[in-house]
Amino acid sequence: MNQPLRYTGVDISRRIRALLALRGETQTSLARQLGVTQSALAYPMTGRRPYGGRCSLDRIAAALEVPTSTIIYGRPWPDVSNDEG
């Protein structure tokens, strides 16, 4: 039987924070969007327990409009260049 994946908090937290910064959002606004408290959001960001429910990495990625792989592996990273032509 497969165990739920656990990730170290450093990369996950850093990537989520970077994605929030790209969007001009905060952890508080993300928590509100997910319908959880900011402290509940801290658990998946630090990898202290398996992800599930309203605060899963899949739901966080959907709220940030990126694939879950962007949070887990850092790719594909959103292109934020302002070049229009």
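The values are calculated or read from the model by the stated rules, or taken from the named source; none is laboratory data. Just so it is clear, the structure is predicted and the values come from calculations on it, not from any experiment. Note that each Cβ is placed from the backbone with ideal geometry, even for glycine, and that neighbours are counted across all protein chains shown.
If we keep just the residues of region 26-50 that are part of a loop (DSSP other than H, G, I, E, B) and out of contact with any Gly (no Cβ under 8 Å at 6 or more places or on another chain), which is modelled with the lowest pLDDT?
Per the criteria, the residue is Pro50.
If we scan region 11-25, do we find a residue that is at pLDDT 85 or above and outside any helix (DSSP H, G or I)?
Taking every residue of region 11-25 in turn, at least one turns out to be at pLDDT 85 or above and outside any helix (DSSP H, G or I).
Would you check which residues across region 51-84 are closer than 15 Å to Arg23 by Cβ, β-branched (Val, Ile, Thr) and at pLDDT 80 or above and list them?
Ile60, Val66, Thr70, Ile71
Taking only pairs six or more apart or across chains, which ones have beta-carbon atoms under 6 Å, a first residue in region 13-41 that is hydroxyl-bearing (Ser, Thr, Tyr) and surrounded by 13 or more Cβ atoms within 10 Å (Cβ to Cβ), and a second residue that is assigned to a helix (DSSP H, G or I) and modelled with pLDDT under 90?
Taking only residues 6 or more apart or on different chains, the pairs are Ser13/Met45.
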